[in-house]
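Notes for the one structure printed next.
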Amino acid sequence: MINFRKLEDIISNNNSFLLTTHVNPDADAIGSEIAFYRILNQLGKEVFIINHSQTPYNLEFLDSEKKIEKFNSEKHSALFDKVDVLAALDFNRSERLVSMQQAFDNSSQLKICIDHHQSPEDFVDHQFIDTEYSATGHILFDLIKQTGIVLLNKSIAYPIYAAIMTDTGSFRFERTTSNLHRIIAELLDLGVDPGEVYDKIYDECKFSKFKLLGRTLDTIELIQMTESDI
Ligand SMILES: [Mn+2]
């Protein structure tokens, strides 16, 4: 069980937050960062989102404010000791931060982890982890529902929908319950278009693979063989 009141207290009592997620981020990783950023933004907090990896091409649409930055040790290291809270989203082992691990581990600022994976490492001050959740975005939905910390609007519902859709394998996996579908219904009522999110994540992914295939095919060379080569 996640202590949402505790998480609400941490949010209320601090002003600046650095959000991050795991290497090779998926739609739950990016969606949760964007949803959490928009929650904090509604509350007037100062927020940074810094990741080890570049946001994958097919997930860039989730970051419409272009808020996510790729970690650069010279530019960002000092920030890890300056913000009030470091928030790890959708992972629970600091090695998943790769180039950012040292800056994160060495910081003495308050650290929290919001996640739904098993076997967490003891690397933060407060863990908000429950493996019963379908996605980290789903935890953020319950944070809003159970505390009323902000009003759930379309701009928060949209990345939460993307997070849950992908982490449930488009509503196929075990944690796809009737309760989860009730949550989804609420997100759709706020104006999320499921076809649009699906097409953006999966079709643009296919499109970028075709582009890569095109570049690869362009490098093909015909090598003439003579009789002596055989
Ligand atoms: Mn996840």
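Readers should treat all values here as calculations from the given coordinates under stated rules, not as data from a laboratory. Note that the structure is a prediction, hence the values are computed from the model and not measured. We place every Cβ from the backbone using ideal geometry, glycine too, and count neighbours over all the protein chains shown.
Numbers below:
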{"quantity": "Charge dipole (debye, nearest 20) of the chain; +1 at Cβ of Lys and Arg, -1 at Cβ of Asp and Glu", "calculated": "520 debye"}
{"quantity": "Amide H within-cut-off set for Phe48, under 5 Å, with H built and near neighbours excluded", "calculated": "Phe17, Leu18, Leu19"}
{"quantity": "Kirkwood hydrodynamic radius over Cα pairs of the range 22-120, then Stokes diffusion coefficient at 37 °C and 0.692 mPa s, in µm²/s", "calculated": "237 µm²/s"}
{"quantity": "Cleavage-rule hits, chymotrypsin sites (Phe, Trp or Tyr not before Pro), the range 127-230, DSSP coil, Cβ neighbours within 10 Å at most 16", "calculated": "Phe171, Phe173"}
{"quantity": "Cβ-derived FRET efficiency at R0 35 Å, Leu217 paired with Lys66, nearest 0.05", "calculated": "0.60"}
{"quantity": "Interchain or long-range residues, amide H under 5 Å from Lys111's placed H", "calculated": "Leu86, Asp125, His126"}
{"quantity": "Hz values of 3J(HN,Hα) by residue in the range 149-165 - Karplus curve (6.51, -1.76, 1.60), Gly and Pro given as x", "calculated": "4, 9, 7, 6, 10, 4, 5, 8, 4, 4, x, 5, 4, 4, 4, 6, 4"}
{"quantity": "Distance in nm between pseudo-label sites at Asn106 and Lys209 (7 Å out along the Cβ direction from Cα)", "calculated": "4.0 nm"}
{"quantity": "For the range 4-218: span of alpha carbons on each principal axis (Å, largest first)", "calculated": "46, 46, 33"}
